[in-house]
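Presented below is the structure to which this report refers.
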Amino acid sequence: MTSPVEQRDDALIVSPTVAIPRSELTYRASRAGGAGGQHVNTSSTRIELLWPVDRTAALDEPARARVREKLAARLDAEGNVRVVASKERSQLQNREAADARLAELVRGALAVQKKRRPTKPSRAAKEKRLAEKKRKSERKRERGRGFEE
């Protein structure tokens, strides 16, 4: 199971600054496939969680745009992020797993990567590389000298 996520009755805590109101989350239960024998045929334990990114009050406009861009592959036609959990045999555990997965996805989408600062090789590194090239070149040139007559 994914890492436990902090939960309140009224909101799903994503980060210290972002909390998704529970009223925005839509849960759908259905029958899960896979192993489980007769139990799997009678219990609706698979959970599908939908969260409307475009209509959420949890994000400001720049954050909403970042989430929309990063999670574009998970958005459906209505602009909902869709998360499915069916690993556990309990509906409650799958619901918690779906919550944790959604929080993890949103947290990852909101993280801004540090800009890479290009670096140059040091003068010593350049000199070492050129010296090594010279040594290899010399060695190869020496190999062919014995056959001149």
Looking only at aspartates and glutamates whose Cα falls under 19 Å of Lys115's and that sit 8 or more positions away or on another chain, we get Glu69
In the list (i) 114; (ii) 91; (iii) 256, the entry giving volume of the Cα convex hull per residue in Å³ computed from the coordinates is (iii)
FRET efficiency (Ala29, Arg74; Cβ distance; R0 25 Å; to 0.05) is 0.80
Answer in debye to the nearest 20: the dipole magnitude of segment 11-110 about its Cα centre, from +1 Lys/Arg and -1 Asp/Glu charges placed on Cβ, is 280
Relative to the chain, whose Cα atoms define the longest principal axis, helix 61-70 and its Cα axis are tilted in degrees, nearest 10, by 70
Note: Arg64 to Ala111 extended length (0.36 nm per residue) minus current alpha-carbon separation gives 15.7 nm
Looking only at lysines whose Cα falls under 21 Å of Lys133's and that sit 8 or more positions away or on another chain, we get Lys120
Expressed in nanometres to one decimal, the distance between label points 7 Å along Cα→Cβ at Glu132 and Lys120 is 2.1
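Each reported figure results from applying straightforward, stated rules to the coordinates on display, with no laboratory input. This is a predicted model, so every value here is computed, not measured. With ideal geometry, Cβ positions are generated from the backbone for all residues, glycine too; neighbour counts draw on all protein chains shown.
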